[in-house]
1. Among the residues of the stretch B:225-247, are any in a helix (DSSP H, G or I) and in the same structural domain as B:CYS57 (by TED's automatic domain parsing)?
2. If B:VAL122 passes every condition in (1) loosely packed, with under 13 Cβ neighbours inside 10 Å; (2) under 30 Å from B:ASN88 (Cβ atoms); (3) not acidic (Asp, Glu) but one, which one does it miss?
3. Of the conditions (1) under 28 Å from A:GLU293 (Cβ atoms); (2) within 14 Å of another protein chain (Cβ to nearest Cβ), B:LEU103 fails just one. Which one is it?
4. If a residue must be surrounded by 19 or more Cβ atoms within 10 Å (Cβ to Cβ) and either in contact with a Cys (Cβ under 8 Å, 6 or more places away or on another chain) or over 20 Å from A:ASP516 (Cα atoms) (or both), how many such residues does the stretch A:556-571 contain?
5. Within the bounds of the stretch A:494-512, is there any residue that is of a type in the set (Asp, Glu) and touching a helix residue (DSSP H, G or I) at 6+ places or on another chain (Cβ under 6 Å)?
6. Out of everything in the stretch A:255-282 that is crowded, with 24+ Cβ neighbours inside 10 Å and facing chain B (nearest Cβ under 9 Å), what residue ends up being farthest from B:ALA79 (Cα to Cα)?
7. Just name the residue that is nearest to the other protein chains (Cβ to nearest Cβ) out of those in the stretch A:308-344 that are among the charged types (D, E, K, R) and touching a Ser or Thr at 6+ places or on another chain (Cβ under 9 Å).
8. Condition test on A:ASP406, is it assigned by TED's automatic domain parsing to the domain that holds A:VAL245, charged (D, E, K, R), under 20 Å from A:VAL297 (Cβ atoms) and at pLDDT 95 or above?
Amino acid sequence: MSESTVIKHVTDAVIRFAGDSGDGMQLTGGRFTENTAILGHDLVTLPDYPAEIRAPAGSLAGVSAFQIHFSSNDIHTPGDEPDVLVAMNPAALKVHLKELHPGGIIIVNRNAFTKRNLHLAGYESNPLDDDALNRDYTLYAIDMSSIAAEACKDMGLTSKVVERTKNMFALGVLFWMYDRPYDTTIKWLEKKFHKRPELVEANRRVLVAGFNYGDTYEIFTTRYKVAKAPLAPGNYRNMNGNLAVALGLVAAAQKAGLPLFYGGYPITPASEILQTLAGYKRFGVKTFQAEDEIAGVSSAIGAAFAGNLAVTATSGPGVALKSEALGLALMVELPLVLVNVQRGGPSTGLPTKTEQSDLFQAMYGRNGEAPIPIVAPTTPGDCFYAAYEAARIALKYMTPVIVLSDGYLANGSEPWSIPDVNALSEIEVKFATEKNSEEHFLPYLRNEETLSRPWAIPGTPGLEHRIGGLEKENVTGSVSYDPDNHHKMTELRAEKVHRIANELAPLEVFGAQSGDLLILGWGSTYGACRAAAERMQGKTQSVGHLHLRWLNPFPNDLGEILTRYKQVLIPEINYGQLSRMIRAEYLVDTRGLNMVRGRPIRARDVVNKISELLG
Amino acid sequence: MNTVVTKPLTRADFASDQAVRWCPGCGDYAILAQTQKIFPELGLKRENFVVVSGIGCSSRFPYYMETYGFHSIHGRAAAIASGVKLANPELSVWVVTGDGDALSIGGNHTVHLLRRNLDINVVLFNNRIYGLTKGQYSPTSEKGKITKSSPYGSLDNPFNPPSFALGAHATFIARTIDRETHHMQEMLRRSYRHKGTSFLEVYQNCLIFNDGAFASLTNRDSKADRVLWLENGKPMVFGKEKNKGIHLNGNVPEIIELGSQWSLDDVLVHDETDFILASMLSNFTYQEDFPDPIGVFYAVNKPTYDDLMFQQIDEVLGREGKGDLEALLNAGETWTVE
C-alpha cells in the first residue's frame, strides 16, 4: 500500500455501481453485497435496471445500476446519495452524477469514454477533461479495459470475452478501497464457471488486478474501514423479497401439512417467485405456468377447492386481470394467497421500477362489496413473514389474502436472521370429514369465532356440495336471490375481515409516543420512515413512527394512536392512497408525502417534509 | 367382523335436491339425464367426481349433480378444473361448458387445456346462440345469422369446435346430439375412458332462441342424409339406403352413390387415429353439400400433463430426497453473529 494512503474509519458507506445493461453491474453489486454481508455489516441494497433486456449499448436508457448502503449501525435504507459512484461508461456518469454526494468519489472506465459513447450519452466534450468534475468530486479515471486486456493477454481469449471481465476490475478496486478480502468472490467464480475454467482464471486475474491497482498506484489517497454492525446473535444470510416470499410460502405449506400449488404467469418484477418455487419440487411444490394471469389465479382457486395451499403472484397489471377471479375466491370463501409485487403504473407503466400505487386496487378493485385482507411487508426479509402470515390467515378464515410487496422489496436485499423453524407460529388446518347437520352437509355453516366456513374437499364421502359465484344462502350454501340474505352475506363477508384485527399484535410506535407528529407508513417505505424518525429524536419537536403491516383490516388500536399527535404525515410512493383511507376511516387530517418517481422515498425526503410541517 | 356392503350407485344418487331451472324442453335436460345415467356405472365413488362449469345456461349443470361441483366465472372452468386435477389427480374432473363459455370468453383456456392434455373431460353444449343473455349470436353461429345483436346478420365466420380442438392437437375429439341418447351415453363413456383431455361437443337445441338449429340432423325425414355416423374401422356410408359414401378423389373428399359405378371398397374407412382424416371430416360441418359427422373424430394416446407433473416431482424426490425446511432456509452463503 502506498505510504501516502490514509485509512479513514467511517460508520456508513453508500456505493453505486452503474454501467451499461451488458456491463454486469447487478452481478458486481451482488458480489460486493455478499462480501459485505459476510463481513458482518448491516446493509440494504437497491438494484435499478431498465425494462429492456439490452437497450442500445451506451445509451442513457440502457444504464443499469446497483446501490448498496452498508454500515456499522442498524440501517434501514439503501442510502440517500452515494459516496462512491462507479461509472463504466459516459451514459452511466450522465445519469447518476447528479445524485452523487458533493465531494464524492467517481471511478470511471476511461476506455469507455470514446467519441461514440460520449455522443450517445449527449456529452459534447469529454467530461473527464472538465475541471468542474475534478473540482467538485474526487475523480479516478482508470483504463479498466486496457488493464483487463493486459492481465489476460497470454490466455488466448477473444477480446470480447476479456472486455466482459472489466466489472471485476471495478469490484477489485472497491474491495481494496474498503479494505476487504476477495476470496469469497473467487470461490463464487469457481462455482459459477466450473465448466469454463478459463473464465474463472480471466475474472480472477482482473479482480486481483483491480485490487492491486489500488494497492500499488499512488492515486488513491484514502481507504475506508467500516466496523461490524451490532446485529442480534444468530445465523444470517442475505435475503431479497422475492426469495423471501417463496420461502415463506414453502414454510407455511410445510407447517400446515398441505401441498403448495402455485398457478401464475410470468411478469416483472414477480417472476422470480414462480421460478424459485419451480425449483422446489423436493418439497412437493406444484408450479403451473398458466396461459395467462386469469388462468394462473383460476387454477389456484381450483387447487384450493381440492385442498392445496393455493398461491398466485403477479404485479399490478396481472392483478387487474385476476380481479374477477379474486371476487370468486372471496364469494366461495376458499383460502388463496395473492402476492402483488407492485411496480410503476398505470397500464404497463414502469415495469422494473417500484411503486405503492396498488393499495386502492387491493382494497377496492373488484365488482361488488368485496373485502379482502391485505398485508404489506416492510423489508426484503420481512416478505418471508408477510407471506407466511398471509397463508395462515387465508387458511384460518377461508379467504383470499393479498400481499402487497413491491419492486424495491423484491429486488432489494438485507441481512436476514434465519428463523428457527420450530418458532414459527402453528398453522392448523382441519378439513371437514363429517356432516355438520342431521341431514345435509352445510358448506356455509360458519365458525362462530372466525366466521370461516368448513373446508370439505372433493374425495370426502358424504360431503358432496356445490359452490359458485352466485350469491349463497348463508349456512346451506344454496343459490339465493333473497334480499335479506344478500344483505346478511355482505355483512358477514365484511365482518369476517374485521375479525382478523382481533388477533393482531398491539401496534408499537417508535420514538415519541405522543406529541407533534406521527410518521405513518406502510410497506417498503419502512426504512425511510424509520431512519427519518431516528434523525428527529432528541430534537425539540416530538416525532413518532408507526408502520402498518395490515392495511385491511386496520388494527384495532390505530384510531386511538392517531389522536395522540398534532399532525400525521403519511409518506407513500403513490398519490395519497393510505392517506385517503385513514381520512375516511378516522377523520384525521393527514398530510401526505407523495413521490411517484419509480424509486424509494429517501429518509432525507421525509425529514425535509417534517421540517416543512413543523416549521 | 362387520363387512361394509356398498350399495351400487344409481342414477338417483347423482341427482341433487335442487330444482332444475332450464326452460321446459331444453336439450340440456337430456344431457343431464344421460350423465346421471352413466356416472353410476363408471365404477368410481360419488365423492370422486368433480363437475366444474363457467357461465351460461349449460353451466348451471353442477347444481343438479349430487357430486362435488363448482359453478365458476365466465370462461374459466378449464383453468379451475386444471387446478382441481393437479391438486388431486385421483379425481374424475368434468368441465361442462357452452359455445360462448368455451370458445369465446374462455377460448384461451380451452385451447391450452387441450394442448396440455390434462386428464379432464370437457363436455361442450353447442346451441350456436347465447341463451342466458337472451339471444345474441355466438362464436358457432352461422355467418349472416339474424339475432338480437345482429339485426342485419352476423359478420363473424363461425368456429367449428372439432377443428378448434384439432388445432390444439387434442387427443380425443367427439361429437354427439342431444336427441341421440344412446349415442350420447356411449360418447360420455368414451370420454371418461380416454386418458387425457376429452373434448365432447354436444349439439344441443335451444328452443327459445335458436330452435331447430340441428333439426335436419334430428328430423326423421332428413337425418339419414344429413348425419355421417363415424365408426372406427368402418366405411363412411350414410343415407336412408346406406347408399352414399365418402370417397377420396386425390386429396379431395367427395360424395359417391354406391351402385353401378362405385362399390363399398371405394368408400373411405374411418380411422380415429388419423389426424389428417379428422381434419378433413371436421371441415364437413357448415358445408351444405356434406353430411355432418357425429361420433369420435380423433382419439390417440399421449402422456397427460398431470402424470408428467407428478412423475417429475417423484423423480426429483428420488434424486434429491425429501426437502428439509431448515436446510432450505439455511441454504446459500450464511454467517453467524455471536
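The values are calculated or read from the model by the stated rules, or taken from the named source; none is laboratory data. It should be emphasised that the depicted structure is a prediction, and the values quoted were computed from it without experimental measurement. Cβ sites come from the backbone with ideal geometry, for glycine too, and all protein chains shown count toward neighbours.
1. So in the stretch B:225-247, the residues in a helix (DSSP H, G or I) come out as B:225-226.
Subsequent filtering for residues that are in the same structural domain as B:CYS57 (by TED's automatic domain parsing) retains B:225-226.
Yes, the stretch B:225-247 contains at least one residue that is in a helix (DSSP H, G or I) and in the same structural domain as B:CYS57 (by TED's automatic domain parsing).
2. Answer for B:VAL122: the failing condition is (1).
3. Among (1) under 28 Å from A:GLU293 (Cβ atoms); (2) within 14 Å of another protein chain (Cβ to nearest Cβ), the lone unmet condition for B:LEU103 is (2).
4. So the answer is 1.
5. Taking the stretch A:494-512 and keeping what is of a type in the set (Asp, Glu), we get A:495, A:503, A:508.
Now drop any that are not touching a helix residue (DSSP H, G or I) at 6+ places or on another chain (Cβ under 6 Å), which leaves none.
So far as the stretch A:494-512 goes, no, none of its residues is of a type in the set (Asp, Glu) and touching a helix residue (DSSP H, G or I) at 6+ places or on another chain (Cβ under 6 Å).
6. Here the residue is A:PHE261.
7. Step one: of the stretch A:308-344, the residues among the charged types (D, E, K, R) are A:322, A:324, A:333, A:343.
Filter once more, so that each one left must be touching a Ser or Thr at 6+ places or on another chain (Cβ under 9 Å): A:322, A:333, A:343.
Numbers: A:LYS322: 11, A:GLU333: 13, A:ARG343: 24 Å.
This residue is A:LYS322.
8. On the way: assigned by TED's automatic domain parsing to the domain that holds A:VAL245: yes; charged (D, E, K, R): yes; under 20 Å from A:VAL297 (Cβ atoms): yes; at pLDDT 95 or above: yes.
Taking the combined requirement at face value, the residue satisfies it.
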